[in-house]
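Below: one structure, written as structure tokens.
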Amino acid sequence: MKRKLGIPLFTALVAFGARAEPLLGQAQAGVQPVLVDSVQVIGNTRQATPTVLTELGIRPGDQVTYTDVQRGVQRLWSTGEYGDIRVYAVDNLQGATTLVVDLVERPFIVGYEFQGLEHVGSGGIRDTAGLQSSVPLDPSAVHEASRRIRAELSNLGYLMATVDTSLAPAMRPDEFRLIFRVDEGRRLVVNAIEFEGNEALSDAELVSAMSVKPEGFLWWKTGEFRQDDFQEDLEVNLVEHYGRNGFLDLEVLGDTMIVDPRTGKTKLVVRVDEGRQYRIAEFRVEGNKYFPTELLEARFDPRSRSLLQRLPLIGSSDEGGDPVFDTHEWRDATDEIQQLYRNAGFLYARIDPLVEKLPTAEDGQPRVRLIWRIEEESQAYIQLVEIAGNTTTHERVVRDRLVLLPGDVYGDERIVSSYQSIQGLGFFDQVPPDEALDVRPNEEGDINVTFRVKERHTGNINFGASLSPSIGLAGFIGYEQPNLFGRAKSGRFRWMFGNRTNDIEVGYTDPAILGSRNSLGIALRSSRDQFSFIGLGRRRQTGGSLSFGTPFFGSRWTRVSLRYSLFRDEYDANADELDLEQRELLGVGTRSSIELRLSRDTRNHPVFPTSGSRNSAALEVTGGALGGDGDYQKITFESTWHTPIARLVSDPMRTPIDLAVGLGIQGGFILGDNPFYLERFFAGGVRYGPKLRGYEELTITPSGHVPQRAVGFSQLDRVGEAYFLLNANIGVRLGSSFFVNAFYDAGNVWSTPHGLNPTDLLRGFGIGVSLVTPMGPLGIDYAYGIDRLDEFGQPDPGWRLHFRFGQVF
């Protein structure tokens with residue numbers, strides 16, 4: 001027989017936690033140690049007995065105390081293997097003591113299953129709660145997973161969700177799958193929001209300031225309830241909206257949610273104490289030395305608000321004449337002043353916007369005194385500018401794009417403009433904003449700047465074959481590289497070959513001859529134009545051009561260039577169908593031309609600009625003293641302007657997304673004897689000359705819009721010797737290779753320069769998408785031609801789809 005002795009016994013009874021307590025009596029301090037003759041482990045199936053004894057730390061022959069057993073039990077608990085641990089001692093008739101370790105192992109979990117969970121991802125729950133497979137059950141992780149499920153569902157409007165757990169046997173014995181049974185309940189739908197305590201601002205006005213809104217008739221008014229959004233409404237949005245209207249002491253006293261359990265329809269009731277409306281009694285600037293007080297005060301002038309902004313609130317009075325204090329306007333003006341100082345080099349300037357509540361005046365109207373307390377400190381200068389990541393492109397190429405140089409006064413705008421200009425080279429992939437720029441002060445307080453770039457593959461080879469009635473079977477091969485040798489030199493080569501064609505084009509441009517700021521370009525070609533001109537055949541040009549450019553009086557962005565070209569123009573077989581007079585009008589002959597161009601380009605991107613401008617004017621003289629056929633002068637001009645109006649994404653961890661407006665104007669005219677048909681001006685469509693979308697190619701003529709299918713109209717009459725075009729667009733640049741915009745075009749061509757009339761323009765508008773590919777910018781425009789006519793001359797406005805290759809603007 002075995003009998004239990006009246007000696008201290010040790011027990012650990014656990015329910016997701018450990019505690020030790022005696023089974024037959026409470027252990028007392030000072031009890032003599034017990035000699036353990038043997039240790040018996042029971043209840044263990046996964047864990048081997050030697051492993052348990054090692055964790056327990058007690059061996060036969062040891063003399064143990066309460067403390068020794070307690071520590072051993074804690075070590076067993078720390079393994080996470082057990083759901084219950086009991087330790088006790090028994091004595092046999094011979095007086096030998098056996099220490100018994102009675103274990104209950106936790107279930108071994110080999111997987112998890114979520115039933116009924118539809119609106120929250122189970123993967124995220126597993127990761128964040130720390131649910132692991134092929135381990136013993138972790139009660140704390142299960143509890144955290146259940147809590148997180150309820151919290152995330154609550155945030156989505158499922159406030160009555162419940163979570164239950166159970167174990168299901170797996171394929172092997174003593175292994176289980178843990179099942180989370182989720183009842184999401186009905187999603188709450190806000191059908192009404194009411195306010196109590198508001199007198200100055202109406203319920204409708206307050207609801208408009210919230211992100212949680214009641215459901216409505218229109219499909220986007222879903223009445224969706226999110227707990228986080230509602231909390232932000234109470235703590236931020238309502239306070240901000242009241243602050244815009246001069247109420248500085250708003251208190252949200254509480255909120256009530258009234259839910260119909262059958263339908264989930266919910267009414268929210270918010271109780272507020274508006275406080276009083278404050279007006280501005282005084283505004284002054286202190287401590288400014290660099291900027292005049294008048295300039296700073298002009299950045300915050302409540303009295304210059306529009307009439308609508310100055311209208312009194314319902315129930316309020318504006319008789320005192322003092323403007324209402326707008327906290328949002330005050331904060332924005334403070335940020336603007338801070339940025340003004342940073343752009344002037346005052347990186348360490350401190351602008352302290354003080355709002356002092358004044359004692360209530362005799363009229364009972366509360367007022368505030370506003371002060372900008374400025375500590376300008378000293379200007380910071382750029383000490384070092386470093387370029388990192390340019391493994392192929394030479395550093396000089398990158399530095400030539402900088403507008404901020406060592407020794408310059410620090411300025412945020414110049415740093416950003418420099419980086420945008422670097423990206424405009426087109427040689428680098430987009431780098432996350434938090435990695436692209438490293439601006440760090442040195443010990444003297446000046447600034448070191450590092451621009452980080454990531455090289456992209458710039459060159460491309462293309463080859464293939466084509467089959468057409470005019471040239472038969474032909475192959476082609478081409479290569480283009482805009483960054484030869486990493487020095488921004490560009491080269492291109494294209495050869496089309498076959499039984500009936502042999503076209504070749506070669507070009508090379510060096511923007512910095514021998515490291516100077518002078519440029520040189522050469523182009524040779526013996527090839528046909530890419531497109532056929534409405535049954536007139538394709539023009540073949542044989543010849544070349546040589547160009548030279550240099551900065552205009554040392555200017556960084558303005559250049560003057562001179563180009564000489566000599567070409568022989570001919571036409572392919574399609575033109576044989578024309579009579580002699582028409583062939584003469586096409587202009588078969590030799591063109592000897594010299595062009596003088598003055599241009600200025602400050603755009604931040606060559607394809608998708610969002611800021612800056614490009615302006616150019618050119619005079620091209622052909623024939624006459626230069627030889628060849630003809631004797632005429634072509635004068636052209638172009639001006640495009642781009643400015644950002646909003647930043648849709650300004651998260652420093654993500655690439656900015658800018659909304660920009662672009663405006664453009666271009667035109668030209670020809671004086672003298674021009675015998676070359678294709679050296680005149682075309683309009684309509686996107687292939688030839690200036691883009692005028694919404695119309696078929698080459699259908700804008702000196703006679704107005706003439707469809708291609710019009711009867712009795714000579715194709716040779718579709719060109720003019722003067723043109724004028726206006727363009728306006730608003731677009732979003734998504735990253736560095738994708739652009740979406742809406743546009744408006746208006747333009748026309750005239751048969752003589754004397755007929756040019758900028759008020760007589762044909763109009764079109766639409767939307768477009770552009771993408772940079774290895775073959776160059778590609779785009780699709782869907783445009784509506786407002787002034788289109790049918791073949792009978794009757795109004796026929798409508799939509800047209802255009803595919804284009806080239807720039808966005």
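The values are calculated or read from the model by the stated rules, or taken from the named source; none is laboratory data. All of these numbers come straight from a predicted model, not from anything done at the bench. Methodologically, a virtual Cβ is constructed for each residue, glycine included, from the backbone with ideal geometry; neighbour enumeration extends over all protein chains shown. To get the accessible areas, we keep the full protein, side chains included, count just its heavy atoms, and leave off ligands, DNA and RNA. Shrake-Rupley method; radii C 1.70, N 1.55, O 1.52, S 1.80 Å.
If you add up the charges near V686, with Lys and Arg at +1 and Asp and Glu at -1, over every other residue whose beta carbon is less than 15 angstrom from its beta carbon, what do you get? Net of charged neighbours comes to +1. Overall shape of the range 119-216 was characterised from the C-alpha gyration tensor. The equivalent ellipsoid obtained from it has semi-axes of 42, 12, 10 Å, in decreasing order. Note: relative contact order over the chain, using C-alpha pairs below 8 Å and six or more positions apart, is 5 percent. Leaving out ligands, DNA and RNA, what percent of the accessible area of the range 191-263 is carbon and sulfur, probe 1.4 Å? Roughly 50 percent of what the probe reaches on the range 191-263 is carbon or sulfur. Apolar share of the accessible surface for the range 398-556: 58 percent from carbon plus sulfur atoms, 1.4 Å probe.
Suppose R0 equals 56 Å. What FRET efficiency, 1/(1 + (r/R0)^6) with r the Cβ-Cβ distance, do R276 and L663 give to the nearest 0.05? The partial results should precede the final answer.
Working: r = 47 Å, r/R0 = 0.84.
Given R0 = 56 Å and the Cβ-Cβ separation, E is 0.75.
The label point for T752 and the one for N499, both projected 7 Å from the Cα toward the Cβ, are 5.1 nm apart.
Over the chain, accessible surface divided per residue gives 51 Å², non-protein components excluded, 1.4 Å probe.
Each of D233, D412 has its accessible area taken with a 1.4 Å probe; listed largest first, they run D412, D233.
Along the axis of the charge dipole computed for the chain (Cβ charges of +1 for Lys and Arg, -1 for Asp and Glu, origin at the Cα centre), the listed residues L253, G157, T773 are led at the positive end by T773.
Here, P(r) means the percent of Cα pairs in each 20 Å bin from 0 to the largest distance; for the chain it is 11, 27, 27, 23, 9, 4, 0.
Solvent-accessible area of Y744, all protein chains in place: 100 Å² (probe radius 1.4 Å, heavy atoms, ligands and nucleic acids excluded).
With respect to the cross-link table entries K267/K357; K634/K691; K489/K634, which display a Cα-Cα separation exceeding 27 Å? The pairs that break the limit, which is 27 Å between Cα atoms, are K267/K357; K489/K634. Remark: the range 655-727 carries a charge dipole of roughly 200 debye about the Cα centre, counting +1 on each Lys and Arg Cβ and -1 on each Asp and Glu Cβ. Counting only heavy atoms of the protein chains and using a 1.4 Å probe, W495 has close to 100 Å² of accessible surface. Ranking of K691, K221 by solvent-accessible surface, largest first: K221, K691 (1.4 Å probe, protein heavy atoms only, all chains present). Between I594 and E235, the simple label model (points 7 Å from Cα in the Cβ direction) yields a spacing of 7.4 nm.
Beta carbons within 10 angstrom, averaged per residue: use that to sort the peptides 169-175, 428-434, highest first.
Working: 169-175: 11.0, 428-434: 15.9.
Descending mean neighbour count gives 428-434, 169-175.
Please give the net charge around A141, taking every other residue with its beta carbon less than 13 angstrom from that of A141, where Lys and Arg add +1 and Asp and Glu add -1. Summing Lys/Arg as +1 and Asp/Glu as -1 gives +1.
Available extension along the chain between V355 and T67 is 97.3 nm, counting 0.36 nm per residue and deducting the alpha carbon span.
Packing order of peptides 704-717, 72-85, highest average first: 72-85, 704-717 (average count of other Cβ atoms within 10 Å over each peptide's residues).
Quote the charge dipole size of the chain about the Cα centre in Debye, to the nearest 20; the model charges only the Cβ of Lys and Arg (+1) and of Asp and Glu (-1).
Working: 85 positive and 108 negative charges, 466 e Å.
Charge dipole, the chain, about its Cα centre: 2240 debye, nearest 20.
Length available on full extension from T293 to R126: 0.36 nm per residue minus the Cα-Cα distance, which gives 54.2 nm. The distance from the alpha carbon centre of the range 230-257 to that of the range 786-806 is 53 Å, rounded to a whole number. Only the Cβ atoms of Lys and Arg (+1) and of Asp and Glu (-1) were treated as charged; on that basis the dipole of the range 91-154 about its Cα centre amounts to roughly 200 debye. Look at the dipole of the chain built from charges on Cβ: of I522, I382, L35, the Cα furthest out on the positive end belongs to I522.
Estimated purely from DSSP H runs of n ≥ 4, each contributing -39500 (n - 2.57), the mean residue ellipticity at 222 nm for the chain is -4000 deg cm²/dmol once divided by its residues.
How far, in nm, would the chain grow between A742 and D601 when pulled straight, counting 0.36 nm per residue and subtracting the alpha carbon separation? Before the final figure, lay out each step's value.
Numbers: separation 141, 0.36 × 141 = 50.76 nm, distance 2.33 nm.
Taking A742 through D601 to full extension adds about 48.4 nm, to one decimal.
Quote the FRET efficiency, to the nearest 0.05, computed for D790 versus L716 with a Förster distance R0 of 25 Å and r equal to the Cβ-Cβ distance. Could the numbers behind the result be given before it?
Working: r = 22 Å, r/R0 = 0.88.
Efficiency at R0 = 25 Å is approximately 0.70.
Between V135 and D183, what FRET efficiency follows from the Cβ-Cβ distance if R0 is 30 Å, with the result rounded to 0.05? Working from the Cβ atoms, E equals 0.65. Spin-label model, T643 to A168: label points 7 Å out along the Cα-to-beta-carbon direction sit 6.4 nm apart. In terms of Cα atoms, the Rg and Dmax of the range 394-553 work out to 21.9, 74 Å.
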